[in-house]
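Novice: Below is the structure I would like to discuss, written out as structure tokens.
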Amino acid sequence: MIDYENLHNLNQPFFKEYEIAFKEVMESGWYVLGKKVNEFEEKYANYCNTKYCIGVANGLDALTLSLRVFNFEKDSEVIVPSNTYIATILSIVQNNLQPILVEPNLGTYNIDPDKIEEKITTKTKAIMVVHLYGKMCEMDKIMTIAKKYNLKVIEDCAQSHGAKFKNNISGSFGDYAAHSFYPTKNLGAMGDAGAVTCNDTVLAENIKVLRNYGSKTKYYNEVVGINSRLDELQAALLLVKLKYLDKINEHKRKLASIYQEGLKADFIKPQVNENYFDVFHIYNIRHQKRDLLKEFLLKNGIKTEVHYPVTPVKQLAMKGIIDNQHTPISDEIHLTTLSLPISYYHSENDILKVIEVLNKF
Ligand SMILES: *Cc1c(COP(=O)(O)O)cnc(C)c1O
């Protein structure tokens, strides 16, 4: 059996170092917002080529707080790709703002920059881009549009740790970038964790205040904040894994290249373009008989996933919020996409086995 993912196997190479890190935090007697969080923030900001990194509790909070700082008027509009994971859209809704969906490019699965301008109105305040599956959006075109219409840009980097577009790294483009360290992500913790990166001193300070009860000085509250702090233990574990992030990404890129070469032409494979350094959080193919294919693989001992089976507009929770927006390209992706095993613990032989079975379909 080849699992889609196995978090034990994925983390096993780091167990020894994790034990040391865990012991250090345990014995320090300091468990929230301390030395390890500071050190992680410094190192991760450095990795993302930004001035600041602020640790938060998870990726959704990183997105939500990034929007909250700007205090946009109720019902202002935020542009977001129609095929994203629900978290991106929830962060907009939770700020009482209106998500305006823009369809992805069917080649990159990322927001189509040529379809953004037609959705901009006088109410539009921001663009949330999502570097889906580990491939960057076309950030040059997007930043040009944002500048022209004076829109804020927030990057959702949950799936793109270390990815690059024209040699610039994920998380270094927007006013803010939101990162998730959910265990399955390329840089995954052993629980929930997240961060915001940015280059502006005031914007960084604002997130710091919001994540800690809206307080700069203990027991004095300037704004209405929340509790969304990164804890010392997760920060200590992330410091270990961050050292190996490039190695993890290289391994996933290697496995992806084996798929690219070995899979027959019946399957629509991810696009490879020289301006992109993809980190393959997900390696997806598309096929018209996706459900049969998934079943066939399972019968042959290979587990796969679908990212995602239901489009945001068709989610029950989105009734009355975005269900009046039409997203045929997104529909097509959700009906045909299939994610193949591509974990850090998978071997090249595992991938060759998956290819052998796939090519018999
Ligand atoms: C995982 C993910 C999130 C949410 O991160 P959490 O840490 O689970 O809150 C947001 N956006 C995208 C695209 C994701 O894949």
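The values are calculated or read from the model by the stated rules, or taken from the named source; none is laboratory data. Quick caveat: nothing in here was measured; it's all calculated off a predicted structure. Virtual Cβ from ideal backbone geometry, glycine too; neighbours counted across all protein chains shown. SASA here: full protein model, heavy atoms, side chains in, ligands and nucleic acids out. Shrake-Rupley method; radii C 1.70, N 1.55, O 1.52, S 1.80 Å.
Novice: Among the residues of the stretch 5-49, which ones are among the aromatic types (Phe, Trp, Tyr), farther than 9 Å from Glu232 by Cα and touching a residue at least 12 places away in the same chain (Cβ under 8 Å)?
Specialist: If the condition is that a residue be among the aromatic types (Phe, Trp, Tyr), farther than 9 Å from Glu232 by Cα and touching a residue at least 12 places away in the same chain (Cβ under 8 Å), then Phe14, Tyr18, Phe22, Phe40, Tyr44, Tyr47 are the ones that fit.
Novice: Right, here's the next one. Of Lys269, Lys303, Lys264, which residue is open to solvent by 20 Å² or more (accessible area, probe 1.4 Å), touching a residue at least 60 places away in the same chain (Cβ under 8 Å), in contact with a helix residue (DSSP H, G or I) (Cβ under 8 Å, 6 or more places away or on another chain) and under 30 Å from Phe181 (Cβ atoms)?
Specialist: Exactly one residue qualifies, and that residue is Lys303.
Novice: If the requirement is being farther than 21 Å from Cys137 by Cα, within 15 Å of the ligand (Cβ to nearest atom) and either open to solvent by 30 Å² or more (accessible area, probe 1.4 Å) or in a helix (DSSP H, G or I) (or both), which of these qualifies: Asp75, Asp61?
Specialist: Asp61
Novice: Go through the stretch 83-136 and give me each residue that's among the hydroxyl-bearing types (Ser, Thr, Tyr), within 30 Å of Asp246 (Cβ to Cβ) and outside any helix (DSSP H, G or I).
Specialist: Residues satisfying the conditions are Thr84, Tyr85, Thr108, Tyr109.
Novice: Here's another thing I want to ask about it. Looking at the structure I just gave you, is Gln288 in a loop (DSSP other than H, G, I, E, B) and away from the ligand (no atom under 16 Å from the Cβ)?
Specialist: Criteria met by Gln288.
Novice: Separate question: For the stretch 153-195, which positions are more than 11 Å from the ligand (Cβ to nearest atom), of a type in the set (A, V, I, L, M) and open to solvent by 10 Å² or more (accessible area, probe 1.4 Å)?
Specialist: Ile169, Met190
Novice: Specify which of the listed residues (Asn38, Asn83) is more than 13 Å from the ligand (Cβ to nearest atom) and either farther than 14 Å from Cys157 by Cα or charged (D, E, K, R) (or both).
Specialist: Residue meeting the stated conditions: Asn38.
Novice: Looking only at the stretch 315-354, how many residues end up being within 22 Å of Leu255 (Cβ to Cβ) and either open to solvent by 10 Å² or more (accessible area, probe 1.4 Å) or not in a helix (DSSP H, G or I) (or both)?
Specialist: Residues in the stretch 315-354 being within 22 Å of Leu255 (Cβ to Cβ) and either open to solvent by 10 Å² or more (accessible area, probe 1.4 Å) or not in a helix (DSSP H, G or I) (or both): 16 in total.
Novice: Kindly provide the set of residues from the stretch 208-225 that are open to solvent by less than 50 Å² (accessible area, probe 1.4 Å) and not hydroxyl-bearing (Ser, Thr, Tyr), ordered by number.
Specialist: Val209, Leu210, Arg211, Asn212, Gly214, Gly225
Novice: Right, something else. Which of the residues spanning the stretch 274-288 are in contact (Cβ under 8 Å) with a residue 12 or more places away in the chain and not aromatic (Phe, Trp, Tyr)?
Specialist: Asn275, Asp278, Val279, His281, Ile282, Asn284, Ile285, Arg286, His287, Gln288
Novice: Can I ask one more? Which of the numbered conditions does Val130 fail, given that it passes all the others? Conditions: (1) away from the ligand (no atom under 16 Å from the Cβ); (2) open to solvent by less than 20 Å² (accessible area, probe 1.4 Å); (3) closer than 21 Å to Thr64 by Cβ.
Specialist: The failed condition is (1).
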